[in-house]
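Reviewing the structure listed below.
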Amino acid sequence: MMRRTPLAVALVMTAGLALAGCSADSAPELKVSGAFMPQPVGDDMAAGFLTVVNNGGTADKLTSVTSDLSDDITIHTSKGQRMQQVKAFDVPADGSLDLERGGSHIMFMALKQKPEKGQKVSVELHFEKSGPIRVELPVKEATYNPAKH
């Protein structure tokens, strides 16, 4: 007959609590701020910008964006003067993903209608680990460029 010592029981319980605590603390906690879309100068494409903040202990990835504005929405990075489509953007643990002018951004192609200043464009951000997040992009003047959104 095996007897459990109080120390062994305490160790098993402590390990179980530690693992339970890690899994609860490590989930991504995503919030979006500073969203906007400059009014497009043409009728067929537009760009969107925002910041995704992750207050969780686990990284996530922005994998796609959907909207009624377009059926052809991609995510791009810019290096120098060249845009390049990417499959996903990292959202680091306890960090942020900044989609801003001159850098990474959302690209809307083949617009179904041209958004006008003062309107809002509804989008849904899709992530690898977290559920989708719906965001309203207020349409600003074409030259709008906040210091930091």
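The values are calculated or read from the model by the stated rules, or taken from the named source; none is laboratory data. Predicted model, so just to flag it, every value in this text is computed and none were measured. Note that we place each Cβ from the backbone using ideal geometry, even for glycine, and neighbour counts take in every protein chain shown. Surface accessibility is based on the protein's heavy atoms, side chains included, excluding ligands, DNA and RNA. Shrake-Rupley method; radii C 1.70, N 1.55, O 1.52, S 1.80 Å.
Table for the structure above
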{"read-out": "Packing-based ranking, highest mean first, of 55-66, 77-88 given that Cβ atoms within 10 Å are counted", "value": "55-66, 77-88"}
{"read-out": "Qualifying lysines (Cα of each under 26 Å from Cα of LYS129; at least 8 residues distant if same chain)", "value": "LYS31, LYS61, LYS87"}
{"read-out": "Surface accessible to a 1.4 Å probe, ASP72 within the full protein complex, Å²", "value": "70 Å²"}
{"read-out": "Residues of region 37-68 with amide N under 16 Å of a point placed 7 Å along Cα→Cβ from VAL86", "value": "48-54, 59-65"}
